[in-house]
Every structure is written in C-alpha cells, then in structure tokens.
Amino acid sequence: MTAKVGVVVFPGSNCEFDVVEAVEGVGGTGELLWHKDTSLRDIDAVVLPGGFAHGDYLRTGAMARFSPIMDAVTRFAYDGGPVVGICNGFQILTEAQLLPGALYKNRGLKFLCQPTTLRVESTNSVLTRGLSQGDELNIPINHFEGNYICSEETLAELRDNNSIVLTYRDNPNGATADIAGICNEDGNVVGLMPHPERAAHPLLGSTDGAQLLKGLISGN
C-alpha cells in the first residue's frame, strides 16, 4: 500500500508543494492539511514543512504551535506515528515540546542559503533508518534561525539516547555540537534544519534528500 504523507500548511508556509512532489517522487502520496484542521484523517506520516509560519512573529513556530491541528499531530506522535519537521517545522516541534532544545539566530546574524554536507550520526529515526552511520549527504539549508541550542543536560540525553540524527561537517550556523537534526527517544519524531525536499531530484544537484524521504515512507 502506498504511504500517505500529510503535509501541514500554516499561514506563511512555502515549502509544502516541494515536499509533496518529493514524497511522490520516492513512491509516496502527498496530501495537504490545513493548520485549522482538527483531524489528520487517514495519513501514515506527517511533515511540518519549511517557511515562515504566521510570519515568524513572537518566535519562530511559537504561534503555529497553537494551531488546532497540532493537537492531532501531538496525539499521532505519542501513538508512534512518524512526524518530521523541516526547518520551520523543526522550530514548531521544539515549541510544541515534541523535541527538546530551541532554534536560535545563526552565528553572525546572517540568513544562510547554501549547500551543506551532513553526516548521518544515528539510524534510530524514521528518516535515517535506510542509511548507515557515517554516510554523508549533500542537502541545502535556507534559514536565519537554524542555530540549535540546548542545555548540557539535554545534549547528554540526546547522545545517550542516540538521538542526534544529523550533524554538519562544516558547521554553518553555530549549532551546538554541529547538530543539524535530532529525533525523540523512539525515533518517530524528527526535526532537521536542512531541506531534503530540495535535494530530491538530479536537476536540483543532489538526490541525497530522497534517501531520507524514502526512510519516511518505508515503514508504511
């Protein structure tokens, strides 16, 4: 059966159609969900895409966290459903406390839009379960607040739980421990700042992002 991936659209999201196309390019089916929906219907996985939800007022993701659909996303995550937050979506997951830590302004206070090389640190996630530790991926970033920060205690827990999913080979934004993506202890909730949907077709210069999205639909 083809996996159905629900892509949540908030006011200000701008990567939802890219995610749908990339998911369908690896064999899944994409379906847009509006932030005021109260049900996820019959989807198999959820993606919170990149963009500027609610204009990034207050803090990035702070208002989106209270959208009606987030109650359904939270229940889905607690029940073990795959939930992935990309860029702005990662920020929303931290605001919703589905992932620890926070995303802060980039080192140097500059917006960054560039290719990055990522290292797979853990295969204990729905994105990386088809890869191997040490694999390198070429996937771009596009953010101003992508600097992942957390307490020393949280960092120790991430390491102990094998929850640091991706790191930057050359840290572009000052993120703690070079972190580009993390997951919860069960591996079903993942947040990452790089955009795999922008590296899912040869014409985009890399298909490495498709490898992550294949992992998302492979368990369904």
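The values are calculated or read from the model by the stated rules, or taken from the named source; none is laboratory data. Since this is a predicted model, take the numbers as computed values, not measurements. Here Cβ is always computed from backbone atoms with ideal geometry, including for glycine, and neighbour counts include all displayed protein chains.
Observations on the model:
- Yes/no for Glu197 being assigned to a helix (DSSP H, G or I) and crowded, with 17+ Cβ neighbours inside 10 Å: yes
- Selection status of Thr176, in contact with a Phe, Trp or Tyr (Cβ under 7 Å, 6 or more places away or on another chain) and hydroxyl-bearing (Ser, Thr, Tyr): yes
- Test: residue in region 12-21 that is over 12 Å from the mean Cα position of the chain (by Cα), part of a strand (DSSP E or B) and over 21 Å from Gly187 (Cα atoms): yes
- For region 69-92, filtered to residues that are assigned to a loop (DSSP other than H, G, I, E, B) and surrounded by fewer than 24 Cβ atoms within 10 Å (Cβ to Cβ), the residue that is nearest to the chain's Cα centre (by Cα) is Gly81.
- If you filter region 56-68 down to residues that are among the hydrophobic types (A, V, I, L, M, F, W, C) and assigned to a helix (DSSP H, G or I), you find that the one that is farthest from Phe90 (Cα to Cα) is Phe66.
- Evaluation of Phe52 against (1) at pLDDT 95 or above; (2) touching a Ser or Thr at 6+ places or on another chain (Cβ under 9 Å); (3) surrounded by 17 or more Cβ atoms within 10 Å (Cβ to Cβ) (one fails), failing number: (1)
- Test: Arg198 is in contact with a strand residue (DSSP E or B) (Cβ under 9 Å, 6 or more places away or on another chain), among the basic types (Lys, Arg) and closer than 19 Å to Val47 by Cβ: yes
- Meets criteria (in contact (Cβ under 8 Å) with a residue 40 or more places away in the chain and either buried (at least 17 other Cβ atoms within 10 Å of the Cβ) or not in a loop (DSSP other than H, G, I, E, B) (or both)) for Ala177: no
- Residue within region 111-118 that is surrounded by fewer than 16 Cβ atoms within 10 Å (Cβ to Cβ), aromatic (Phe, Trp, Tyr) and within 18 Å of Gln91 (Cβ to Cβ) present: yes
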